[in-house]
1. Divide by every residue of the chain the summed helix terms, -39500 (n - 2.57) for each DSSP H run of at least 4, and state the resulting mean residue ellipticity at 222 nm, rounded to the nearest 500 deg cm²/dmol.
2. Going by accessible area, probe 1.4 Å, with all protein chains left in place, what is the ranking of I34, I181, largest first?
3. So how tilted is helix 166-178 from the main axis of the chain? Cα-based, degrees 0 to 90, rounded to 10.
4. Can you pull the accessible area of F146 for me, 1.4 Å probe, Å² to the nearest 10?
5. Taking a 1.4 Å probe, which of T136, T70 shows the most accessible area, and what order do the others take after it?
6. Where does each of D69, D57 land when they are ordered by accessible area, with a 1.4 Å probe and the largest first?
7. I'd like the accessible area for W137, computed on protein heavy atoms only with a 1.4 Å probe and all protein chains in place. Round to 10 Å², please.
8. Within segment 65-210, what whole-number % of the accessible surface is contributed by carbon and sulfur, with the 1.4 Å probe and all protein chains included in the calculation?
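The values are calculated or read from the model by the stated rules, or taken from the named source; none is laboratory data. The structure displayed is predicted, hence computed values, not measured ones. No Cβ is skipped: glycine too gets one built from the backbone with ideal geometry, and neighbour counts run over all protein chains shown. When the accessible area is computed, the model is the full protein with side chains, heavy atoms only, and any ligands, DNA or RNA have been set aside. Shrake-Rupley method; radii C 1.70, N 1.55, O 1.52, S 1.80 Å.
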Amino acid sequence: MKQTESTRVVPLEAGAGPENPPCPACGEPLFGWIGEKPGLPGPVRRCESCGLGVVGDPGGPEEALRELDTLRQENGALRIVNRGSFAAALGNAGWSGLRPKAKYLFTLESVRRLVAHRDQVVKSRRWLPGAGLAATWQTLLNSVTFGHDVALGALRGEPSMPAPEPWQRRIDALASVVLAIPALLVAIPVELAGGLLRRGAVYSLRTELL
Ligand SMILES: [Zn+2]
């Protein structure tokens, strides 16, 4: 089997292997993105084609669709933290979308591909600037804290991975306060640009049957 770096043009049969299992959304091979990280069950791979991220071993489209359905809100829309966002590209292992229970890390394109498996289309897509700004801000703070998502964990009760040692948690709390405003000043233009270029951090999607 020929292994190659030029992932985009490699047909599935050539690029796929134990290290590069197929993407549950589009079938293209997945490639390594983030190695082992405390709090995550395994390394994270991503699809170079549709952008889907997968923590640990990927399942099939049914499993990814089941997780996608858990993101459905009371209004019926799916709310995704976008792995194709500027925040994710900037944050990598510090991206706030890496949450303890999230196995599939969705993008706009991967959702489109996934729901097509059950004859659905994405009918509308709405950028959520407030939630996106919070996610981008938290991503920036994650680059300076020992823990992960600790500020949003404290402010909004969102899932977080606090640092193991008490002294680390104290430093994290202090850093989150001192750097809150500077991080916000960076997050605002990043997320505004993301929203304009369909690379915002959080989206609300509505699907319907074909
Ligand atoms: Zn894919």
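1. Dividing the helical sum by the residues of the chain leaves -11000 deg cm²/dmol.
2. I181, I34
3. 90
4. 110
5. Numbers: T136 0, T70 100 Å².
Result of the area sort, largest leading: T70, T136.
6. Ranking D69, D57 by accessible area, largest first, yields D57, D69.
7. 30
8. The value for segment 65-210 is 60 percent carbon and sulfur by accessible area.
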